[in-house]
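Take this structure first; my questions come after.
Derivation of every value follows stated rules applied to the coordinates shown; laboratory data play no part. Here the structure is a predicted model, which is why all the values come from computation and not from measurement. When we count neighbours, we look across all protein chains shown, and the Cβ atoms used for this are built from the backbone with ideal geometry, even at glycine.
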Amino acid sequence: MSMSADPSSVSPANRAQPETSTAQSSETPVPRRRHRMSLRSRILFFLTAWLIVLMPFLFWWNTWFGRQLSDAQMDRYLHDVQKPRHIQHAVLQIGDRMARHDTSVSKWYPALVSLAANPSEEIRSADAWAMGQDNSVPEFHAALLKLLGDPSPTVRGNAALALVRFGDASGRQQIVFLLLPAHITAAQSGRILDLAKPGALIHQNGLVAKLQAGNQTVEVRAPLTGRLRAISARQGDEVSAGSELGIVDPGADQAWEALRALYVIGTPEDIPAIVPYQHQIESMPERVRQQAVLTEEAIRERASAKTQ
């Protein structure tokens, strides 16, 4: 008679193993050995990352006009004819120190007078602003009067604003001009390749349009910093020389400075140029609106006092 085997009597060696154990053991992933970056590679990596951060900073630092210059640097920058931005940087720094009543900068006053004839528009513009910071210098007054005839509207505007500090209203018409929108026209006939969008912020000499004129690409740039109010053409249009392409409203800073000047020297004839800044130009900040109201009130009060 056969007897059933006692499970407990079966030796471990003979005991059947679960089928899944073999499968699991064969599928268990073998941990991979992590590859470590060599010390040389790590140094190169961090050096590259550092340069990516450092180079833009150095470029900004060397071109930022707010960076303070020592007197030695100021003297060197003022005469660096190879780098006009250095001259502009020095002029702006002198103007800032003049505004703080730093009399030590008077040693550079002759240089400021001579820079009024510099071929760079940017330098002449900065120079006109700087000379307006000290209204006790007759040479500055004379140089600013000459700059009212400058070919650049920006230079003429800065000179006119500076003359107000001398109690001189010779540039009043030019100050009114600073409040007027700029009408951008095509310099020559051609087909419009590209065009800025209405509402875009445009910097002085910023690109408004590109024209294809024969084999040439002609760039149309804005004469002032402001906002593109409207566009009068479309991409692909054929335009003739003198055709209007768009209108740029003056920037807030320019308008504010002009309104402040007219608060002092404005006449009733200037009011039509002032009124739009009270409510019609939507992009203007509140400080410009308030100044426009105050300027009109001051002009009317002066006119009323003269008639009494």
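Going highest first, how would you order 226-233, 68-75, 161-168, 208-215 by mean Cβ packing within 10 Å?
Most protected by this proxy first, the peptides run 161-168, 226-233, 208-215, 68-75.
So, one more: Expressed as a whole number of Å, what is the distance separating the alpha-carbon centroids of segment 186-209 and segment 224-258?
Between the Cα centre of segment 224-258 and that of segment 186-209, the gap is 8 Å.
Which net charge results when you count Lys and Arg as +1 and Asp and Glu as -1 among the other residues whose beta-carbon is under 15 Å from that of His183?
+1
Return the aspartates and glutamates within reach of Lys210: Cα separation strictly under 18 angstrom, same-chain partners fewer than 8 residues apart disregarded; answer none if there are no such residues.
In chain and number order, the partners are Asp194, Glu219, Asp237, Glu238, Glu244.
Aspartates and glutamates within cross-link reach of Lys83: Cα-Cα under 13 Å, excluding same-chain residues under 8 positions apart?
Partners within reach: Glu122.
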